[in-house]
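Heads up, the thing below is written out as structure tokens.
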Amino acid sequence: MSPPRELRFSKLHGAANDYICLDGALCAGQDLPTLARRLCDRRRGIGADGLLVLMNSQCADYRMLIYNADGSRPEMCGNGLRCLVKFALDRESDPRRESVRVETDAGVLAVEAFRGEGGLVIAARIDLGVPRWSRAEVPIDGPPDSEALEEELSIDGTPWTVSAVSFGNPHAVVRVQDVDAVPIERVGPALERHPTFPRGTNVEFVTTIDRRSIRQRTWERGVGETLACGTGAAAVAVVAARLDWCDRSVDIELRGGHLQVEWSEDDHVRLTGPAEQVFEGILTEGMALGE
């Protein structure tokens, strides 16, 4: 099937983690990894951390396809999922619908949307399920059934203490004295591609403020430093609780805004944060077709 001559898109963000959203029904015949690289380019395209594609699902209300800015496919993204739910619900005819289930590469997740003036979605809470601690699930090298908490890794001879957990995608949490002082452009990619992580990892640098507040900077696999990361905030929250840095309900302060994470007694982690549309438009024929 030939690709369409034009593509409508929306630009959204969740705590400044920004995405381009497309309706999958309009994307037949598109090379989506290439399109993601082209559209996410901040000089030659629209500019974004990733591309979201809204698809039909056989087992949920919607399916989310997500591509990083480099065209790679992450398993999951919390900020992206909130944006996709806003993109979908704001276009539906029922302004009262709030609870949906979305199929992702990390499983089917329940999302509760919060509506503001005019019935538009302004925020959402995601049930991310339970954290996955085993090395096999992250994945990280070592005995498959063991955990990797406060494990020392070397970068250019300097030790960095990391704790690994997965929410369908891998995370390495690093506690530091001052997140602003971290040489993230050097250490972030080195940890992302460290040989102990066979599929790479997202990296979260954190400074605890008090028992209910944490500051975070994120180096995302396949993207670079982003102003927020939803599953990264969840990873930070559960690691902080496991290691008794903080309580089980925390506010995560990121460079792009705040996210709230609660690790409930049922072991489920719930992430709450904003979703905002910035603009929408139509791709030029050359951009849509890659000419």
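Give me the distance in nm between label points sitting 7 Å out from Cα along the Cα-to-Cβ direction at residue 211 and residue 16, one decimal.
Between residue 211 and residue 16, the simple spin-label model gives 3.0 nm.
In nm, to one decimal, how far is the residue 150 label point from the residue 75 one, both placed 7 Å along Cα→Cβ?
In this crude label model, residue 150 to residue 75 measures out at 2.6 nm.
Between the helical axis of 78-89 and the dominant principal axis of the chain, each derived from Cα atoms, what acute angle in degrees is found, rounded to the nearest 10?
Between the helix axis and the principal axis of the chain, the angle is about 20 degrees.
Return one number: the angle in degrees, 0 to 90 and rounded to the nearest 10, between the long axis of the Cα atoms of helix 230-242 and the longest principal axis of the Cα atoms of the chain.
20 degrees
Regarding segment 212-288, what's the average projected area of the Cα-atom convex hull, expressed in nm²?
Across all orientations, segment 212-288 yields a mean hull projection of 6.9 nm².
Return the distance in nm (one decimal) between the two label points of a simple spin-label model at residue 141 and residue 112, each offset 7 Å from Cα along Cα→Cβ.
Going by the 7 Å Cα→Cβ label model, 4.3 nm.
If Lys and Arg each add +1 and Asp and Glu each add -1, what is the summed charge of the other residues whose beta carbon sits under 15 Å from the beta carbon of residue 10?
Summing Lys/Arg as +1 and Asp/Glu as -1 gives -3.
Take the Cα of residue 199, step 7 Å along the line toward its Cβ, and report every residue of segment 224-255 whose backbone nitrogen sits under 20 Å from that point.
Answer for segment 224-255: 224, 229-236, 238-239.
Under 1.5 on a/c is rounded, so check that first for segment 125-219, then, if it is not, pick prolate when a/b is larger than b/c and oblate when it is not; a ≥ b ≥ c are the square roots of the alpha carbon gyration tensor eigenvalues.
oblate
Any chance you could run the full-extension gain for residue 277 through residue 177? It's 0.36 nm times the residue separation minus the Cα-Cα distance, nm to one decimal.
Fully extending the segment from residue 277 to residue 177 adds 32.5 nm.
State to the nearest 20 debye the size of the charge dipole of the chain about its Cα centre, where the only charges are +1 on K and R beta carbons and -1 on D and E beta carbons.
Dipole of the chain, to the nearest 20 debye: 620 debye.
Let me check I've understood the local charge: for residue 281, count other residues with C-beta under 11 angstrom from its C-beta, Lys and Arg +1, Asp and Glu -1. What total comes out?
Once positives and negatives cancel, what remains is 0.
Cα centroid distance between segment 179-213 and segment 1-50, in Å?
Using only Cα atoms to place each centre, the spacing works out to 28 Å.
Where in segment 83-122 does the label zone of residue 28 land, with the point 7 angstrom along Cα→C-beta and an amide N cut-off under 15 Å?
Once the point is set 7 Å along Cα→Cβ of residue 28, nothing inside segment 83-122 turns out to lie under 15 Å by backbone N.
Work through the residues other than residue 251 whose Cβ is under 13 Å from its Cβ and net out their charges, Lys, Arg +1 and Asp, Glu -1.
0
Which Cα, out of 257, 227, 194, lies furthest along the positive dipole direction of segment 151-266 (beta carbon charges, K/R +1, D/E -1)?
Ranked along the dipole, the leading option is 194.
Can you tell me what the convex hull of the Cα atoms of the chain projects to on average, as an area in nm²?
Here the figure is 15.8 nm², rounded to one decimal.
Counting each DSSP H run of 4 or more residues in the chain as -39500 (n - 2.57), what helix-only mean residue ellipticity at 222 nm follows after dividing by all residues, to the nearest 500 deg cm²/dmol?
After summing the helix terms and dividing by the residues of the chain, the value is -5000 deg cm²/dmol.
About the Cα centre, and with charges only on the beta carbon of Lys, Arg (+1) and Asp, Glu (-1), how big is the dipole of segment 76-145? Nearest 20 debye, please.
Value, rounded to 20: 220 debye.
Here, each number is a calculation from the coordinates, and none is a lab measurement. Since the model is a prediction, treat every value here as computed from it, not as a measurement. Ideal geometry is used to build each Cβ from the backbone, glycine not excepted, and the neighbour counts take in all protein chains shown.
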